[in-house]
1. Restricting to segment A:8-20, name every residue that is in contact with a strand residue (DSSP E or B) (Cβ under 6 Å, 6 or more places away or on another chain) and either of a type in the set (Phe, Trp, Tyr) or at pLDDT below 95 (or both).
2. Among the residues of segment A:203-210, is any surrounded by 15 or more Cβ atoms within 10 Å (Cβ to Cβ), farther than 28 Å from B:Ala226 by Cβ and within 10 Å of chain B (Cβ to nearest Cβ)?
3. Considering only residues that are out of contact with any helix residue (DSSP H, G or I) (no Cβ under 7 Å at 6 or more places or on another chain) and polar (S, T, N, Q), look in segment A:126-156 and name the one that is nearest to A:Thr76 (Cα to Cα).
4. Determine which member of the set A:Glu197, A:Glu134 is touching a residue at least 24 places away in the same chain (Cβ under 8 Å), touching a Lys or Arg at 6+ places or on another chain (Cβ under 8 Å), crowded, with 18+ Cβ neighbours inside 10 Å and in a helix (DSSP H, G or I).
5. Collect the residues in segment B:92-111 that are within 8 Å of the chain's Cα centre (by Cα), of a type in the set (A, V, I, L, M, F, W, C) and either outside the structural domain of B:Arg161 (by TED's automatic domain parsing) or part of a helix (DSSP H, G or I) (or both), keeping them in residue-number order.
6. Anything in segment B:161-181 that is more than 19 Å from the chain's Cα centre (by Cα), assigned to a loop (DSSP other than H, G, I, E, B) and at pLDDT 95 or above? List them, or say none.
7. Which members of segment B:225-246 meet the condition of being facing chain A (nearest Cβ under 7 Å) and surrounded by fewer than 24 Cβ atoms within 10 Å (Cβ to Cβ)?
8. Can B:Val56 be described as surrounded by fewer than 19 Cβ atoms within 10 Å (Cβ to Cβ) and part of a strand (DSSP E or B)?
Protein chains: 2
Amino acid sequence: MKSQARIHVGDALGEGAEIRLDEREAHHLRDVLRLAEGDGVAVFNGSDGEWEAVIVGIGKRSAKLIVGERLREQSTEPDLWLVFAPLKRARIDTLVEKATELGVSLLQPVETLHTAVERVNLDRLGMIAAAAAEQCERLTVPRVQPPVSFGKLLAEWPAQRRLLLCAEAGHARPIAGALQAHVNESAAPWAVMIGPEGGFARSELDALAKLPFVMPVGLGPRILRADTAAVAALACWQAILGDGQQRPPHRSSA
Amino acid sequence: MKSQARIHVGDALGEGAEIRLDEREAHHLRDVLRLAEGDGVAVFNGSDGEWEAVIVGIGKRSAKLIVGERLREQSTEPDLWLVFAPLKRARIDTLVEKATELGVSLLQPVETLHTAVERVNLDRLGMIAAAAAEQCERLTVPRVQPPVSFGKLLAEWPAQRRLLLCAEAGHARPIAGALQAHVNESAAPWAVMIGPEGGFARSELDALAKLPFVMPVGLGPRILRADTAAVAALACWQAILGDGQQRPPHRSSA
């Protein structure tokens, strides 16, 4: 189903507001979305809902939009983090795209003892997250955080946020049952955590096992790649505890 | 966690059996897995379980293995098909990898009215499925079928196989509840079906709506890309109705 072109903007939104786009954004509008002066586009900024806008000027260096009517109100979204050891480029790009589609609110890279990838390009990942949010009709773009060490992450972890740890070894509950045990709770903050391709170190697993907010879960008998495990766990969480009961906007009878 | 090198072979397996690998397989053993004469490798063929083998000869054109002890018995796996409209190259490759990791038994490309991609390279997809099966420690490799038209697929559909249709529009039950309604049934054959990026045509949706084995399910309020929807639905199916209760081999107390 073809959906309307949507873009994420930094500006405040309201009827009659004027939005100026920079060179990169103007290029996206013109050369990727193939829009021209007079065309409509939906805009969202993560806090004011989604609005209709019209392109009133577009050049090589910039573009200008005028905001019209509000199309959708901003709504509350699940508070779900993804904590992941950095992966190689193609896999981390796909992971950020999928995690955004699956509704994570924040992406937190973590450096573990066996993490093979040192550098994380936050700008690139932020652009991938924004593009995926535009595509999947979210009203927010997940934040991509700078990498943090494993020790600091756990030391500063907010104790009320449950951490679903995808664990291929050791004691773990099957993920469906582990999540279903929480369906009658009111909405709580959660996180999904996956280790690096080489797995967590013994000392890291021991540290995780001592923490009351950590719930080790199993994803079946196959050894999943880190990016597959993340997407599988996020999908199960949304289906069982998240917004899996909701339907896409404007489509319930399309 | 580093796992033992594993390869899928076509030969029958049993203690003392001799296995000859061709040029491509020998290259994989030598240059990708970095193995040499005298090294061990686990082998599986989809029907005889997993066996230890030793490389007794390896050259540019071929390699020879001798099979030792059985490591794992063949076991029954969920009977889960993935039916999907062909996607562009990077996305279809990732989809085949992820679907293999998530335990599908058969991959069935289907040509729908809005399918944009015409050609499917079955050899390449078969190799990706085999590599993913080796990596994730499955004992089987999913079959990759030649593409079939939407009409023929439905006309020849085995009526006892339930078809979970990922539907972003129209009536659909949330996926978790739809699957949980079947947890007390004995193991049945299922399939997950996703449409092309452009969505199913109206006439296709109408045809699907009339079929008793079709269960339209929703995956939440975001519009997922076809490959994301497939992975999400497969993960939920395995967690709720598949082998999500099982743990990886040899790792329960590692």
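The values are calculated or read from the model by the stated rules, or taken from the named source; none is laboratory data. Everything numeric here is computed off the predicted structure, so don't read it as measured data. We place every Cβ from the backbone using ideal geometry, glycine too, and count neighbours over all the protein chains shown.
1. Residue satisfying the conditions is A:Asp11 alone.
2. Yes, there is a match, as at least one residue in segment A:203-210 is surrounded by 15 or more Cβ atoms within 10 Å (Cβ to Cβ), farther than 28 Å from B:Ala226 by Cβ and within 10 Å of chain B (Cβ to nearest Cβ).
3. Among those that are out of contact with any helix residue (DSSP H, G or I) (no Cβ under 7 Å at 6 or more places or on another chain) and polar (S, T, N, Q), it is A:Gln135.
4. Result of the check over A:Glu197, A:Glu134: A:Glu134.
5. Passing the criteria: B:Val96, B:Ala99.
6. The answer is B:Ala181, and nothing else.
7. B:Arg225, B:Asp243, B:Gln245, B:Gln246
8. Here the answer is yes, as B:Val56 does meet what is asked.
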